[in-house]
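Okay, structure first, notes after.
What follows is calculated from the coordinates using simple rules that are stated; it is not laboratory data. It should be emphasised that the depicted structure is a prediction, and the values quoted were computed from it without experimental measurement.
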Amino acid sequence: MKQFDLVVIGAGQGGLPAAALAARLGANIALIEMSEVGGT
C-alpha cells in the first residue's frame, strides 16, 4: 500500500496549486482528478 503525506481531490484552481506547493516542500502527493487538469 502506498502512503501519501497529502491527498488532493480535484486539480482545479485550488487543488493544483496546493499539490504543487506541497510537492515543492517535499511532500509525497496523490492528486485525484476525474477529468481534465485545470478545472472547468
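At 222 nm, what value in deg cm²/dmol follows for the chain if DSSP H runs of at least 4 each add -39500 (n - 2.57) and the sum is divided by all its residues, to the nearest 500?
Roughly -7500 deg cm²/dmol at 222 nm, from the helical runs in the chain.
Calculate the radius of gyration of the Cα atoms of the chain to one decimal place, then report Dmax, the largest Cα-Cα distance, as a whole number, both in Å.
10.0, 32
By how many degrees, 0 to 90 and rounded to 10, does the Cα axis of helix 15-24 deviate from the longest principal axis of the chain?
Relative to the chain, helix 15-24 is tipped by roughly 30 degrees.
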